[in-house]
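Asker: Let me begin by handing over the structure; questions about it come next.
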Amino acid sequence: MTLEQIQGARHALELRNIEKKFKKGRKGFANALNSVSLTLGRGEVVGILGPNGSGKSTLIRVVSTLTLPDAGVVEVFGIDAVKRPKEVQRYMNRVSVEASFFKKLSSMENLIFGAKLYGVSDRESKPRIREILEGIGFDYQRVGEPMEHLSRGMQQKIALARALLTSPMLMLLDEPTTGLDPRSKKDVQTLIQRIRADHESSILLCTHDMAEAEELCDRIGILLSGKLIAIDTAEGLKRQFGTGDHVPTLEQVFMLATGTSLEDAEFAGDDDSSVEDEVRAA
Amino acid sequence: MCPPEGSARTGKEVNHARIERAAHQTGWMRELIAIWGYAQRNYYLTKRYFMWEVVWLVYSTMNALTIGFIGVGLGGSPENTARTTTFLLIGTMVWSYLSMIFDLLSETVSWERWEGTIEYTFMSPASRTTQLVGMGIYAIVYGMARVIVMLVAISFFFDLSLASANYLGAAGILAICSISLVGFGMVAAVMPLLSPEKGQQVTSIVTAVLLLISGIYYSVDVLPGWMQPLASISPVYYALNGIRNTLLEGASFDSQWNNIWPLLIMGLIFPPLGLWLFQRGEHFAKRTGRLKRAG
């Protein structure tokens with residue numbers, strides 16, 4: 001895929017009627033994704049808001065070619081990601097809730113390895129690693145320290161740096177700020193905004209943080225029990241669910257759309273992670 | 001990231017340049033870089049766990065010495081003692097090397113699970129063939145280095161019966177067997193993909209069975225009759241036969257054809273079979289959600 005092809009694509013990402021079920025127990029199935037359709041424009045940031053178990057992570061996994069959908073079409077820059085995964089993998093990267101690093105290796109060693117998986121040689125990656133790490137405020141003298149010595153916030157920032165090293169045109173962020181202290185959370189959010197402004201990447205961001213979704217995203221979708229029940233700009237959602245002169249908050253929109261608060265939904269949620277864990281344990 | 005002050009290129013320009021380079025990069029060059037990446041990553045891990053490596057090396061060397069002293073303890077003429085000791089130590093060293101290759105390959109998936117990197121690795125554009133080849137190359141180099149250190153240590157303790165040894169012939173047989181074992185390890189590597197919780201245990205059972213049936217410390221003739229045919233499916237059995245003949249008897253490489261051709265056939269069958277099974281296992285894991293979530 002060339003730059004012209006990427007720039008000529010109608011959407012960075014298009015999902016059409018994605019279905020995914022996981023086996024649950026001996027006979028049952030859990031609907032992780034139920035006819036999900038959405039588009040992500042080039043340079044756009046779309047947030048997917050939903051409680052634990054709503055299917056957010058499964059959605060990200062389907063796009064990132066880690067889970068095969070039962071039905072539906074996933075197109076990344078116009079290329080079918082299910083039929084031709086290798087062609088799209090080079091142009092996307094993912095940062096998930098847990099920074100996935102070899103914890104005993106240093107940030108430099110992890111970044112060099114991550115870059116090589118995408119065909120980026122040492123000659124190309126080493127100068128960029130320094131530039132990128134200094135750009136995120138990382139003390140370069142610590143580049144040889146094992147990852148496990150770094151704070152979780154810094155590990156997440158390095159996970160974003162690793163993604164940047166491969167120049168992704170589509171970034172998949174799966175709850176990148178969950179579990180971070182407020183300051184680290186703010187730092188990571190600022191970094192995402194800078195990436196968006198500076199790198200022309202399209203971003204699909206899954207979160208259960210309403211404020212984060214409102215601050216970072218052009219459009220926000222609400223996912224509940226595997227169904228995308230609404231998707232619009234934050235203002236559009238508020239108009240859609242507002243009554244009269246009352247403009248609801250995004251949290252109120254969520255409650256009106258789902259019939260429950262985010263906290264209640266998290267308790268009631270049929271966690272897709274639990275479903276996959278059960279499958280693994282089998 | 002955002003360019004530092006005075007930098008000529010914006011992040012967008014760097015991105016575009018990289019995409020253009022990636023579009024024109026040949027597939028094999030990308031895979032070669034990734035193969036080097038896997039081998040280098042394993043080297044980094046060995047370096048980080050250096051003290052553990054030393055512990056295992058000392059343990060393995062002591063184990064080899066213990067087995068060597070069993071040979072000495074059996075008594076008999078000095079020639080017989082030297083021959084028995086050499087027979088046992090060849091088994092010990094060859095097993096140490098080949099089981100290392102098998103273990104490293106069969107733990108390909110488990111390593112990634114332990115570290116929580118499996119999803120990051122599996123969504124990268126580097127192919128599974130590349131991953132397994134990178135692991136295989138490192139396993140062979142690492143296994144060789146380890147055995148050389150052990151051999152040097154052991155040589156101080158025993159009189160070995162190697163006066164007429166054909167070292168080149170033995171090395172040739174070991175090289176052919178390495179390819180079979182890499183393939184055998186690839187076949188075993190699929191187990192943790194099929195069953196994340198129990199797969200790795202299955203590969204340990206395979207290792208234990210290979211140890212039992214391959215004639216590492218004894219001739220397979222001493223096994224019960226029903227068990228002896230099992231040796232014929234183990235590449236380690238043929239490698240040990242050939243290596244013992246070349247080192248103890250000074251037999252030529254050519255004369256070991258009856259041990260070499262099964263290894264060649266296994267070397268031709270196991271790697272492609274392992275890759276095919278691994279790809280099927282990956283597809284199954286992606287369909288059923290069995291790849292570990294972390295990453």
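The values are calculated or read from the model by the stated rules, or taken from the named source; none is laboratory data. Note that the structure is a prediction, hence the values are computed from the model and not measured. Here Cβ is always computed from backbone atoms with ideal geometry, including for glycine, and neighbour counts include all displayed protein chains.
Okay, residues lined up against (1) over 30 Å from B:Ile118 (Cα atoms); (2) assigned to a helix (DSSP H, G or I); (3) aromatic (Phe, Trp, Tyr):
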residue	(1), (2), (3)
B:Ala208	no, yes, no
B:Gly215	yes, no, no
B:Asp221	yes, yes, no
B:Leu240	yes, yes, no
B:Phe278	no, yes, yes
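Asker: Give just the number: which of (1) more than 26 Å from A:Leu38 (Cα to Cα); (2) within 11 Å of chain B (Cβ to nearest Cβ); (3) within 17 Å of the chain's Cα centre (by Cα) does A:Ser57 not satisfy?
Answerer: (1)
Asker: If a residue has to be surrounded by fewer than 24 Cβ atoms within 10 Å (Cβ to Cβ), away from chain B (no Cβ under 14 Å) and not in a strand (DSSP E or B) to count, how many in the range A:26-50 make the cut?
Answerer: Residues flagged as surrounded by fewer than 24 Cβ atoms within 10 Å (Cβ to Cβ), away from chain B (no Cβ under 14 Å) and not in a strand (DSSP E or B) within the range A:26-50 amount to 4.
Asker: Report yes if B:Val236 is without any contact (Cβ under 8 Å) to a residue 40 or more places away in the chain and of a type in the set (Val, Ile, Thr), otherwise no.
Answerer: Details: without any contact (Cβ under 8 Å) to a residue 40 or more places away in the chain: no; of a type in the set (Val, Ile, Thr): yes.
The answer is no for B:Val236.
Asker: Step by step: first the residues of the range B:26-46, then only those that are at the interface with chain A (Cβ under 9 Å from one of its Cβ atoms) and loosely packed, with under 13 Cβ neighbours inside 10 Å, then the one that is nearest to the chain's Cα centre (by Cα). Which residue is that?
Answerer: B:Met29
Asker: A further question on this structure: Being within 17 Å of the chain's Cα centre (by Cα) and either crowded, with 19+ Cβ neighbours inside 10 Å or at pLDDT 90 or above (or both) narrows it down to one of A:Pro146, A:Pro168, so name that one. If you could, list the steps in order and put the result at the bottom.
Answerer: Working: A:Pro146 fails: within 17 Å of the chain's Cα centre (by Cα).
From the options A:Pro146, A:Pro168, the qualifying one is A:Pro168.
Asker: In the range A:194-224, what residues are closer than 20 Å to A:Ala257 by Cα, touching a Leu at 6+ places or on another chain (Cβ under 8 Å) and assigned to a strand (DSSP E or B)?
Answerer: A:Leu205, A:Cys206, A:Thr207, A:Ile220, A:Gly221, A:Ile222, A:Leu223
Asker: Sticking with this one: Return yes when B:Gly73 is exposed (fewer than 13 other Cβ atoms within 10 Å of the Cβ) and more than 14 Å from chain A (Cβ to nearest Cβ) and no when it is not.
Answerer: In short, yes.
Asker: Between A:Leu180, A:Leu160, which is closer than 11 Å to A:Ala99 by Cβ and either touching a strand residue (DSSP E or B) at 6+ places or on another chain (Cβ under 7 Å) or of a type in the set (Phe, Trp, Tyr) (or both)?
Answerer: Working: A:Leu180 fails: either touching a strand residue (DSSP E or B) at 6+ places or on another chain (Cβ under 7 Å) or of a type in the set (Phe, Trp, Tyr) (or both).
Only one candidate passes the filter, namely A:Leu160.
Asker: Of the residues B:Gly225, B:Gly289, B:Gly215, B:Gly250, which single one is within 22 Å of the chain's Cα centre (by Cα) and among the small types (Gly, Ala, Ser)?
Answerer: B:Gly215
Asker: Working only within the range A:146-166, note down all residues that are assigned to a helix (DSSP H, G or I) and facing chain B (nearest Cβ under 8 Å).
Answerer: Start the filter on the range A:146-166 by keeping residues that are assigned to a helix (DSSP H, G or I), which leaves A:147-149, A:152-165.
Matches in the range A:146-166: A:Ala161, A:Leu164.
Asker: Hey, could you check the range B:109-124 for residues that are hydroxyl-bearing (Ser, Thr, Tyr) and not in a loop (DSSP other than H, G, I, E, B) and say which is farthest from the other protein chains (Cβ to nearest Cβ)?
Answerer: Quick first cut of the range B:109-124, residues hydroxyl-bearing (Ser, Thr, Tyr) only: B:110, B:117, B:120-121, B:124.
From the residues that got through so far, the ones that are not in a loop (DSSP other than H, G, I, E, B) too are B:110, B:120-121.
Numbers: B:Ser110: 13, B:Tyr120: 4, B:Thr121: 7 Å.
If we take residues in the range B:109-124 being hydroxyl-bearing (Ser, Thr, Tyr) and not in a loop (DSSP other than H, G, I, E, B), then B:Ser110 is farthest from the other protein chains (Cβ to nearest Cβ).
Asker: Can you pull out the residues in the range A:190-226 that are within 12 Å of another protein chain (Cβ to nearest Cβ) and among the basic types (Lys, Arg)?
Answerer: Hits for the range A:190-226 are A:Arg194, A:Arg196.
Asker: If we keep just the residues of the range A:95-145 that are assigned to a helix (DSSP H, G or I), of a type in the set (A, V, I, L, M) and over 21 Å from A:Thr177 (Cα atoms), which is nearest to the other protein chains (Cβ to nearest Cβ)?
Answerer: Here is the first cut: in the range A:95-145, the ones assigned to a helix (DSSP H, G or I) are A:107-117, A:122-135, A:140-142.
So of that shortlist, the ones also of a type in the set (A, V, I, L, M) come out as A:108, A:111-112, A:115, A:117, A:129, A:132-133.
With the extra rule that they be over 21 Å from A:Thr177 (Cα atoms), the set shrinks to A:108, A:112, A:115, A:117, A:129.
Numbers: A:Met108: 10, A:Ile112: 7, A:Ala115: 8, A:Leu117: 4, A:Ile129: 10 Å.
Only one residue fits best here, namely A:Leu117.
Yes/no per residue for (1) within 27 Å of B:Val133 (Cα to Cα); (2) modelled with pLDDT under 95; (3) of a type outside the set (A, V, I, L, M):
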| position | (1), (2), (3) |
| --- | --- |
| B:Ala189 | yes, yes, no |
| B:Gly199 | yes, yes, yes |
| B:Ile260 | yes, no, no |
| B:Leu264 | yes, no, no |
| B:Phe270 | yes, yes, yes |
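Asker: Restricting attention to the range B:125-134, which residues are in a loop (DSSP other than H, G, I, E, B) and surrounded by 23 or more Cβ atoms within 10 Å (Cβ to Cβ)?
Answerer: The answer is B:Pro125, B:Ala126.
Residue by residue, here is whether (1) touching a Lys or Arg at 6+ places or on another chain (Cβ under 7 Å); (2) modelled with pLDDT under 90 holds:
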site	(1), (2)
A:Val188	yes, yes
A:Ile192	no, yes
A:Ala197	no, yes
A:Cys206	yes, no
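Asker: A further question follows. Picking from B:Ile213, B:Ile269, which residue would you name as being out of contact with any strand residue (DSSP E or B) (no Cβ under 6 Å at 6 or more places or on another chain), over 30 Å from A:Ile18 (Cα atoms), without any contact (Cβ under 8 Å) to a residue 60 or more places away in the chain and surrounded by fewer than 22 Cβ atoms within 10 Å (Cβ to Cβ)?
Answerer: Working: B:Ile269 fails: without any contact (Cβ under 8 Å) to a residue 60 or more places away in the chain.
The conditions single out B:Ile213.
Asker: Then there's this: Looking at the range A:8-21, which of the residues that are more than 16 Å from the chain's Cα centre (by Cα) and buried (at least 24 other Cβ atoms within 10 Å of the Cβ) is nearest to A:Arg196 (Cα to Cα)?
Answerer: Applying the first criterion (more than 16 Å from the chain's Cα centre (by Cα)) to the range A:8-21 yields A:8-11, A:16-21.
Retained after the next criterion (residues that are buried (at least 24 other Cβ atoms within 10 Å of the Cβ)): A:18, A:20.
Values: A:Ile18: 27, A:Lys20: 30 Å.
Only one residue tops the list, namely A:Ile18.
Asker: Here's a follow-up. Any idea how many residues of the range B:272-295 are buried (at least 20 other Cβ atoms within 10 Å of the Cβ) and of a type in the set (S, T, N, Q)?
Answerer: The total comes to 0.
Asker: Applying the selection to the range A:90-119, what residues are in contact with a strand residue (DSSP E or B) (Cβ under 6 Å, 6 or more places away or on another chain), basic (Lys, Arg) and crowded, with 24+ Cβ neighbours inside 10 Å?
Answerer: Within the range A:90-119, A:Arg94 is the sole residue that qualifies.
Asker: Name every residue in the range A:61-89 that is surrounded by fewer than 24 Cβ atoms within 10 Å (Cβ to Cβ), touching a residue at least 60 places away in the same chain (Cβ under 8 Å) and part of a loop (DSSP other than H, G, I, E, B), in order of residue number.
Answerer: Correct list: A:Gly78 only.
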